[in-house]
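Comments concern the structure below.
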Amino acid sequence: VQLQASGGGLVRAGGSLRLSCLHSGSKTTFNNIDWYRQSPGKQREFVASITHVDATIYAAAVKGRFTISRDNAENMVFLQMDNLKSDDTAVYYCRANRLGDIYWGQGTLVTVSS
């Protein structure tokens, strides 16, 4: 199982970015694919999740601003991030769960300037 996150960068507060996670499985390979993030000096935290039946869950801090979605044909999961805040600055990771086995991709850095 391979996961590759991309799309990070520098953006001003209030701006938008879309992160992408390319995974090696099909739609039914994984129970869910998640986005996590880790800010300097903080523990890694959950951001959003999408299941194999397209149910979604969001952390309270991003609900209403971030949208997780998937393109099964391209084996991609996306995180659309709108109205970004300085607190959203972090390294963002995608994570896949397959029947309890957890796989992590490398991170992509998002920096939000105030």
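Every number in this text was worked out from the coordinates using simple rules, so none of it is lab data. From a predicted model like this one, the values you see are computed outputs, not experimental measurements. Every residue, glycine as well, gets a Cβ built from its backbone with ideal geometry; the counts of neighbours run over all protein chains shown.
Distance in nm between label sites at residue 45 and residue 65, each 7 Å beyond Cα in the beta-carbon direction?
1.1
Rg/Rh for the chain: what does it come to with C-alpha atoms and Rh from Kirkwood?
Values: Rg = 13.2 Å, Rh = 13.9 Å.
That ratio equals 0.95.
How many angstrom lie between the C-alpha centres of the stretch 1-55 and the stretch 84-114?
Rounded to whole Å, the Cα centres lie 5 Å apart.
Hey, if you put +1 on the Cβ of every Lys and Arg and -1 on every Asp and Glu Cβ in the chain, which of 16, 99, 76 ends up farthest toward the positive end of that dipole?
Going by the charge dipole, the pick is 16.
With just the Cα atoms of the stretch 17-78, tell me how far they stretch along each of the three principal axes, in Å, largest first.
Reported extents, whole Å, longest axis first: 35, 22, 22.
Taking the Cα centre as origin and putting +1 on Lys and Arg beta-carbons and -1 on Asp and Glu beta-carbons, what dipole magnitude results for the chain, to the nearest 20 debye?
Around 180 debye, computed over the chain.
Between 22, 99, 84, find the one with the highest GNM mean-square fluctuation for the chain; connect C-alpha pairs within less than 10 Å.
Per the Cα network of the chain with a 10 Å cutoff, 99 tops the list.
For a Förster distance of 22 Å, can you work out the FRET efficiency between the beta-carbons of residue 56 and residue 82, rounded to the nearest 0.05?
About 0.90, to the nearest 0.05.
³J(HN,Hα) across the stretch 14-20 via Karplus (A = 6.51, B = -1.76, C = 1.60, θ = phi - 60°), whole Hz, x for Gly/Pro?
Once θ is set to phi - 60°, the couplings for the stretch 14-20 become x, x, 10, 9, 10, 8, 10 Hz.
Expressed as a rounded percentage, what relative contact order does the stretch 20-85 have, with Cα pairs under 8 Å and six or more residues apart?
Answer for the stretch 20-85 is 33 percent.
Counting alpha carbon pairs within less than 8 Å and at least 6 residues apart, what relative contact order, in whole percent, applies to the chain?
This gives 37 percent for the chain.
Any chance you could get the radius of gyration and Dmax over the Cα atoms of the stretch 64-114, in Å?
13.0, 41
Run through the DSSP bridge list for the chain and note the antiparallel percent, rounded to the nearest 5.
85
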